[in-house]
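Engineer: Would you mind keeping the following structure in view while I ask a few things?
The values are calculated or read from the model by the stated rules, or taken from the named source; none is laboratory data. As the structure is a computational prediction, the values presented were derived from the model and not from experiment. Don't worry about glycine lacking a Cβ; one is built from the backbone with ideal geometry, like all the others, and counts go over all protein chains shown. Calculation scope for accessible area: heavy atoms of the full protein, side chains included, ligands and nucleic acids excluded. Shrake-Rupley method; radii C 1.70, N 1.55, O 1.52, S 1.80 Å.
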Amino acid sequence: AAKSLGANAMFRVQDVTDAGQWRESLDALVARWGRLDVLVNNAGIAAILDIEQMTPDNWRRTLGVNLDGVMLGTQAAIARMKKSGGSIVNMASIEGLIGDGTLPSYNASKGGVRIFTRSVAIHCARSGYNIRINSVCPGFAETQMVSGALATLKPEDAQVFAEKTLERIPMGRFGKPSEIAAAVLFLASDESSYITGSDLVVDGGMTA
């Protein structure tokens, strides 16, 4: 049905922490469509563990997916975009803007994504590559990652966490995935042609 509406897509399973798989995926993409215009680094994981509960394994796994994966994807995309230009959108988070006592590894990874994005945006602009690189900072949204993290808590604890979080959001609700996607689409498109190295916060007013 999607094909009849003009959709033309390719699906691949990929480990974002593996540089070799990034090369294979992007080479397959370029072989099929001829060029890479947009990359969205969207893979992410979260575990609700405070610093005293934190294990080295959880810390490394969270930073591996959320930060190393963004670096590897960005590096592989720049190599394929620098002649033709493009847009890279990195999924950061308001958790990279403010601290949360129960999310130290996630905070560290998303703060890293934000400042990494600025660094590579400057490099690409100064190098004349016509590649823009920005980050989107979603607030709490109705996504599998949020529901998955809440599912690791006891039901009553998850309820308290959700209620406390809603109290912090002036708009009084969680975001919809489509609302985050609209921000990504804006940064991916030519509508944002003078925007690079920036954060677009989509959080219902939570960090305001």
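Engineer: Among all lysine pairs in segment 40-167 that are eight or more places apart or on different chains, how many have alpha carbons less than 30 angstrom apart?
Structural biologist: 5
Engineer: Anyone know which of I180, I122, I78 comes out most mobile in the 10 Å Cα GNM of the chain?
Structural biologist: Maximum fluctuation in the GNM of the chain, among the listed residues, is at I122.
Engineer: Let me ask something else. Among V113, V184, V13, whose mean-square fluctuation peaks in a Gaussian network model of the chain (Cα, cutoff 10 Å)?
Structural biologist: In this elastic network of the chain, the residue with the biggest mean-square fluctuation among V113, V184, V13 is V13.
Engineer: How many angstrom lie between the C-alpha centres of segment 10-64 and segment 98-124?
Structural biologist: 15
Engineer: Let me ask another. Ignoring ligands, DNA and RNA, what accessible area per residue does segment 111-208 give at 1.4 Å, in Å²? Intermediate values should be presented prior to the final figure.
Structural biologist: Details: 5690 Å² over 98 residues.
I get 58 Å² per residue for this part.
Engineer: Calculate what fraction, in whole %, of the accessible area of segment 115-157 sits on carbon and sulfur atoms when a 1.4 Å probe is rolled over the protein chains.
Structural biologist: C and S atoms contribute 56 percent here.
Engineer: Where the only charges are on Cβ atoms (+1 Lys, Arg; -1 Asp, Glu), what is the dipole of the chain about its Cα centre, to the nearest 20 debye?
Structural biologist: My answer is approximately 900 debye.
Engineer: Sticking with this structure for a sec: In segment 24-102, what percent of the accessible surface is made up of carbon and sulfur (1.4 Å probe, ligands and nucleic acids excluded)?
Structural biologist: Accessible surface attributable to carbon and sulfur in segment 24-102 totals 54 percent.
Engineer: Could you go through segment 37-47 in sequence order and give the Karplus-derived ³J(HN,Hα) for each residue, using 6.51 cos²θ - 1.76 cosθ + 1.60 with θ = phi - 60°, rounded to whole Hz, and x for Gly and Pro?
Structural biologist: With the stated coefficients, segment 37-47 comes to 9, 9, 10, 10, 8, 10, 5, x, 9, 8, 10 Hz.
Engineer: When the helix-only estimate is applied to the chain (DSSP H runs of n ≥ 4, each -39,500 (n - 2.57), divided by the residue count), what is the mean residue ellipticity at 222 nm, nearest 500 deg cm²/dmol?
Structural biologist: Estimated from H runs of four or more residues: -14000 deg cm²/dmol.
Engineer: If we count trypsin sites (Lys or Arg not before Pro) as exposed when they sit in a DSSP loop and have at most 13 other beta carbons within 10 Å, what is the longest stretch of the chain that avoids them all?
Structural biologist: 84-172
Engineer: Quick test of the membrane-span-like rule: which DSSP H helices of the chain reach at least 20 Å along their long axis (C-alpha atoms) with mean Kyte hydropathy at least -1.0?
Structural biologist: Helix filter hits for the chain: 19-33, 104-126.
Engineer: What chymotrypsin sites (Phe, Trp or Tyr not before Pro) does segment 1-110 have in DSSP loop regions with at most 14 other beta carbons within 10 Å?
Structural biologist: Sites meeting the loop and neighbour criteria: F11.
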